[in-house]
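*Asks:* Sharing a structure with you now.
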Amino acid sequence: MQHGIAGCAVRIAPADGTTATYAGPMATRTVNGTCHHDCPDSCGWTVTVDDTDATTPIAVKLRGNPAHPYSAGELCPKVNRFLDRVYSPDRLLYPLRRVGPKGSGEFERVDWDDALAAIARNLHRVIETYGAEAVLPFSDAGNQSMLAMMGLSGRFFGHMGATKLIRAICGPTVGAAMAMTNGTGRGLDPEQLAHSDLILLWGTNTKLTNRHLWPTIERARERGARLVVIDPIRTVTAEAIDPDRGDRFVQPLPGTDISMMLAMMHVIIRDGLTNDEWIAAHTAGYDELRAAVAEWTPERASDACGVPAAVIGRLAHDYATTPNAAIRTLIGAEHHENGAMFFRTMACLPALTGAWAHRGGGIAKSVGSYTESQIDEARLFRPDLDRGDPRTLNMSRLGEILTSPTAGEPTGPGIHAFVNWNCNPLVTVPNADAIRRGLARDDLYTVVHEQFMTDTAKYADIVLPATTQIESDDIVFSWGSLWTAYNRAAIAPVGESCSNTELFRRLAGAMGYTEPALFDDDETLMRESLPTIDLDELRSKEWLRAPYPDDGRPFGDGEFDTPSGRVHLASDDLVAIGQPRVPTYVPPNESPGGDPELSARYPLQLLTPKHHTRFLNSGYSHLPKHGPAEGGPFVELDADDARARGLADGALARVWNDRASLDVPVRISGRLRPGVVAIPWGWWTAHHPDGNVANMLTNDTLTEWGGGVAYSDTLVQVSAAD
Ligand SMILES: Nc1nc2c(c(=O)[nH]1)N[C@H]1C(S)=C(S)[C@@H](COP(=O)(O)OP(=O)(O)OC[C@H]3O[C@@H](n4cnc5c(=O)[nH]c(N)nc54)[C@H](O)[C@@H]3O)O[C@H]1N2
Ligand SMILES: Nc1nc2c(c(=O)[nH]1)N[C@H]1C(S)=C(S)[C@@H](COP(=O)(O)OP(=O)(O)OC[C@H]3O[C@@H](n4cnc5c(=O)[nH]c(N)nc54)[C@H](O)[C@@H]3O)O[C@H]1N2
Ligand code: SF4
Ligand SMILES: [Mo]
């Protein structure tokens, strides 16, 4: 943290709507922090704070911190306006009690003591009537800092004996999938892509979702590296390729890539491009894999994935003849019924060519497996405090959990209390119309801790105000780079808001709990949970790099984390969970290759991707400098699909399936294959004329293993809206 005095004249509108004026020079200081968003970049920022009124320091500027080792001074169009969020007139500043029907948004202000007493009374009532498993804690990575995401909530609900939530809507499946092949989810540090000669951006939209990695890719390109983007959408990242330099865009149909990977392996083996020495020394099950891919000619794969056989053949050759070829992947491809097999199969590719032996070769995914491994989970979560062995329920099945008459049966009682923070499920979780019906239940007691009156919060009995990242200290473990960074609070909590850890201390007190570990302060939590990180050093240096091999190669010695130390091209662990030993392509059930009857009724595959540069998930569409600037939601169609339905550009279309329907204007584009449509995700009910959202259409089937969810396997029909 730097201190300084600056004589600038800045005007800001304080939260109460009054205009502050300054008679003289402001007394300002700067405070460094780290972005908390669920984004791989975890950028460093600097907040300028005006201390003129010593009782209420005000943040007047927030900019990228040029000294940050990864983001190097740049933020993004979401967070460049972060102070508009902090001081938004719509920010929740006080506890609220619902006075109108659920969903109406009618609330009245109450004080914290009354709010906490009401919550404790109702949670005790539910626990006494149905048992503690009738309480469902529900959160995700709205703030992915350590304290905000992992501090105290686990202890609080564990001590209560509440149902445990499987939070796997984003990321865990990728790691669980790769582990079936390599014994670990570890991979390349993405910054190693700078050393690669061929980079496959496979199911990731780097320029939009991971923008601070782009300079690394550009460095590789300056050295002559070629780029291949593999995505069912011609994204902004796909637009960045240069075919004249040998770059390529490959456009499979959603959920079909495994067939293409199998065919690539077929070609690599058929054409003698394998690294036989490396295979013999470091893999197990090669013969079985070879037999499995023998039938997967590029022609057969082409029928499944829509990519011409010649393109698959060329891709296989380019990949196998570039020793240090790198695959960069992130989350997008996980969201299919075969999302785990996608990554398990992908992990076989570098094993056939020995790419891991070369600097810049291998697979780069989330690096959370390096950074977050520095957290001692037993010390942070304290499972020793857990009461009993409560059931687990998967967050992606929330609609079903809240609406089935015996929600949660047969393993426990229905859900009667819902405590939600760090997540806006009505907009972000699939099959959201069922969630809405569930949240509307009169017999469900709902508490939401939020910064804004979200679609979900409108269904709460009590809404509690949450701080933003500049209002409390925390530590951010990046999953896009190896840097772990400190976040220093720049200002005091705005209004009566409180941080997530403070929320759970208050709730524990209100519940009458006496276990001391439920009341640990933030300093204790940070000091005790990080055995390999010196907190004072982290604070003074501001960021520390997670341990990673000096030569850049995570498996340079060819030793993997499987029991045999080898890459498992065939895997007994998969058999143990009812999956095939070798990579296998099964089309998603909700896809044209899956259920013919369903796809006859709903012939179009719907993607609902992250699309807008000014949005981060569901968190910005409601803000005046974000939503209106992005122009509103739409459904994107190929020209032939639109013409076949008599839909002109801009016409209002109805997109529907058995789950829900959504009215949205048509945008005809050349970015999609025929048969694939896309609706950008992140808009709220208020942004749609029919009061629905994109996730009301999406599929909540889980991935084969790893607990992920298949919202990108959604079939719909589109027609003109009446
Ligand atoms: N259709 C479709 N659905 C998707 C996706 C998609 O691409 N398409 N992506 C999926 C993915 S990858 C993810 S990660 C999820 C994200 O889903 P969510 O986790 O719901 O996403 P966010 O919008 O990032 O954050 C949710 C809320 O957290 C609040 N928040 C921020 N900081 C704090 C805090 O410190 N305390 C509290 N209490 N609240 C805070 C914000 O105000 C915001 O309303 O959505 C998934 N759903
Ligand atoms: N601007 C912006 N940035 C963000 C976010 C945001 O909302 N807005 N969200 C943040 C979050 S929570 C996350 S998890 C990351 C996600 O980062 P990414 O994983 O890079 O992003 P996604 O858009 O989820 O998915 C990437 C691509 O996968 C493609 N895809 C879908 N299905 C398939 C398939 O079957 N095969 C192939 N090859 N590709 C497929 C989609 O079309 C999409 O272009 O982004 C983060 N960054
Ligand atoms: S949302 Fe992502 S890109 Fe934007 S400032 Fe935060 S970490 Fe950086
Ligand atoms: Mo995510």
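The values are calculated or read from the model by the stated rules, or taken from the named source; none is laboratory data. Note that the coordinates shown come from a computational prediction; the quantities given were computed from them, not determined experimentally. Cβ placement follows ideal geometry from the backbone for every residue including glycine, while neighbour counts extend to all protein chains displayed. Note: accessible area is taken over every heavy atom of the protein model, side chains too, but ligands, DNA and RNA are not part of it. Shrake-Rupley method; radii C 1.70, N 1.55, O 1.52, S 1.80 Å.
*Asks:* Scan the helices (runs of 4 or more DSSP H) fully inside region 520-635 and keep the ones with 1 or more residues being in contact with a strand residue (DSSP E or B) (Cβ under 8 Å, 6 or more places away or on another chain) and free of Cβ contacts under 8 Å to residues at least 40 places away in the same chain.
*Replies:* 535-541
*Asks:* Could you list, in sequence order, the residues of region 161-178 that are more than 14 Å from ligand 2 (Cβ to nearest atom) and under 26 Å from Pro232 (Cβ atoms)? Steps first, answer last, please.
*Replies:* The first filter runs over region 161-178 and keeps only residues more than 14 Å from ligand 2 (Cβ to nearest atom), leaving 161-166, 176, 178.
Within region 161-178, Ala176, Met178 qualify.
*Asks:* I would also like to ask the following. Please return the ranges of strands (runs of 3 or more DSSP E) entirely within region 298-396 where 3 or more residues are more than 17 Å from Pro172 (Cα to Cα) and at pLDDT 95 or above.
*Replies:* By residue number, 325-328.
*Asks:* Asp41 fails exactly one of the following numbered conditions: (1) out of contact with any strand residue (DSSP E or B) (no Cβ under 6 Å at 6 or more places or on another chain); (2) away from ligand 1 (no atom under 15 Å from the Cβ). What is the number of that condition?
*Replies:* Answer for Asp41: the failing condition is (2).
*Asks:* Kindly evaluate Ala485 against the criterion of being more than 17 Å from Arg379 (Cα to Cα), over 26 Å from the mean Cα position of the chain (by Cα) and in contact (Cβ under 8 Å) with a residue 60 or more places away in the chain. Break it down into steps so the answer makes sense when it comes.
*Replies:* Working: more than 17 Å from Arg379 (Cα to Cα): yes; over 26 Å from the mean Cα position of the chain (by Cα): no; in contact (Cβ under 8 Å) with a residue 60 or more places away in the chain: yes.
No, not satisfied.
*Asks:* Could you look through region 169-211, keep only residues that are away from ligand 1 (no atom under 16 Å from the Cβ) and of a type in the set (Gly, Ala, Ser), and pick out the one that is surrounded by the most Cβ atoms within 10 Å (Cβ to Cβ)?
*Replies:* Ser196
*Asks:* Go through region 248-293 and give me each residue that's open to solvent by 20 Å² or more (accessible area, probe 1.4 Å) and among the aliphatic types (A, V, I, L, M).
*Replies:* Matches in region 248-293: Leu253, Ile269, Leu273, Ala280, Ala281, Ala284, Ala291, Ala292.
*Asks:* Go through (1) away from ligand 3 (no atom under 16 Å from the Cβ); (2) crowded, with 22+ Cβ neighbours inside 10 Å; (3) not aliphatic (A, V, I, L, M) for Arg85 and report which single condition fails.
*Replies:* For Arg85, the failing item is (1).
*Asks:* Given the condition polar (S, T, N, Q), without any contact (Cβ under 8 Å) to a residue 60 or more places away in the chain and surrounded by fewer than 22 Cβ atoms within 10 Å (Cβ to Cβ), answer yes or no: does some residue in region 649-662 qualify?
*Replies:* yes
*Asks:* Just name the residue that is most open to solvent (accessible area, probe 1.4 Å) out of those in region 93-116 that are touching a strand residue (DSSP E or B) at 6+ places or on another chain (Cβ under 7 Å) and outside any loop (DSSP other than H, G, I, E, B).
*Replies:* Among them, the one singled out is Arg109.
*Asks:* Condition first: farther than 25 Å from Ile435 by Cβ and either assigned by TED's automatic domain parsing to the domain that holds Leu253 or in a helix (DSSP H, G or I) (or both). Can you find one or more residues in region 661-668 that meet it?
*Replies:* no
*Asks:* Would you check which residues across region 464-507 are of a type in the set (Gly, Ala, Ser) and over 18 Å from Leu83 (Cβ atoms) and list them?
*Replies:* The answer is Ser478, Gly480, Ser481, Ala485, Ser499.
*Asks:* When you go through (1) within 16 Å of ligand 3 (Cβ to nearest atom); (2) crowded, with 18+ Cβ neighbours inside 10 Å; (3) not in a loop (DSSP other than H, G, I, E, B) one by one for Val49, which number turns out not to apply?
*Replies:* (1)
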